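These notes are about the structure you will find just below.
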Amino acid sequence: SINEICQEKNQNIEDIINYYACDIEENEYCKKIFEDIFGNRTNYIITDEAHPNKLKEAYENRFDIVLMCNVLHEINPACWLDVFSIIHSILKENATLIIIEDHLIPYGEKAYDNGFLVFDEDEFKMLFTLDSYKVDSQKEGRLKAHFFEKDFLTNVSETTIHSALSSHLSNSIRHI
């Protein structure tokens with residue numbers, strides 16, 4: 001557990017875990033939430049869409065975990081190849097990408113240009129070309145955390161994105 005690691009290293013949790021938030025535009029509301037939780041805004045990173053490599057260059061091989069919580073469905077699939085490439089570059093060796101998605105869209109949530117592309121296991125297997133991977137489900141399958149090793153991210157291609165999106169469409173129609 002994290003508490004055992006802290007005791008073993010004789011350090012506080014703040015000295016072991018560093019949190020960063022990345023956004024494509026400055027958002028005072030988000031910055032305030034980050035500051036309220038973590039005590040400062042130092043690790044709130046703004047990287048605009050026109051300069052995606054800024055993040056890649058500044059944080060190469062830096063992170064043990066990248067967490068995307070309820071965000072993948074907001075990113076245009078045309079950008080996924082670049083997004084996963086950047087994440088791959090900033091993860092350390094043997095690091096993990098965790099994608100958490102809420103499978104029950106909250107009331108009042110507005111659909112984005114591409115609708116709600118909330119992937120489940122079938123789509124993620126196609127996207128990352130996997131037979132299996134670790135998934136943790138909470139609240140009767142509503143919240144799902146999908147765990148991907150760094151090396152899985154190199155499997156993403158235009159073809160796998162298209163296959164995963166096609167599968168999502170078929171699964172959505174069948175579900176309806």
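Test THR154 against the stated conditions and say whether it is open to solvent by less than 60 Å² (accessible area, probe 1.4 Å), within 18 Å of ASP82 (Cα to Cα), in contact (Cβ under 8 Å) with a residue 24 or more places away in the chain and among the hydroxyl-bearing types (Ser, Thr, Tyr).
Numbers: open to solvent by less than 60 Å² (accessible area, probe 1.4 Å): no; within 18 Å of ASP82 (Cα to Cα): yes; in contact (Cβ under 8 Å) with a residue 24 or more places away in the chain: yes; among the hydroxyl-bearing types (Ser, Thr, Tyr): yes.
So THR154 fails the test.
Is it the case that some residue within the stretch 98-121 is part of a helix (DSSP H, G or I) and at pLDDT 90 or above?
The answer is yes; a qualifying residue exists.
Would you check which residues across the stretch 129-171 are touching a strand residue (DSSP E or B) at 6+ places or on another chain (Cβ under 9 Å), small (Gly, Ala, Ser) and within 20 Å of ILE75 (Cβ to Cβ) and list them?
ALA145
Could you say whether any residue in the stretch 146-159 is more than 22 Å from TYR20 (Cα to Cα), acidic (Asp, Glu) and not in a helix (DSSP H, G or I)?
Scanning the stretch 146-159 turns up no residue that is more than 22 Å from TYR20 (Cα to Cα), acidic (Asp, Glu) and not in a helix (DSSP H, G or I).
If you scan the stretch 38-72, which residues turn out to be modelled with pLDDT under 85 and either of a type in the set (Asp, Glu) or outside any loop (DSSP other than H, G, I, E, B) (or both)?
Hits for the stretch 38-72 are PHE38, TYR44, ILE45, ILE46, ASP48, GLU49, ASN53, LYS54, LEU55, LYS56, GLU57, ALA58.
If we keep just the residues of the stretch 73-97 that are open to solvent by 50 Å² or more (accessible area, probe 1.4 Å) and in contact with a strand residue (DSSP E or B) (Cβ under 7 Å, 6 or more places away or on another chain), which is modelled with the highest pLDDT?
My answer is LYS92.
The values are calculated or read from the model by the stated rules, or taken from the named source; none is laboratory data. None of these values were measured; they are calculated from a predicted model. FYI the Cβ positions are ideal-geometry reconstructions off the backbone, even for glycines, and counts take in every protein chain you see. Please note that ligands, DNA and RNA were not included when accessible areas were found on the heavy atoms of the full protein model with its side chains. Shrake-Rupley method; radii C 1.70, N 1.55, O 1.52, S 1.80 Å.
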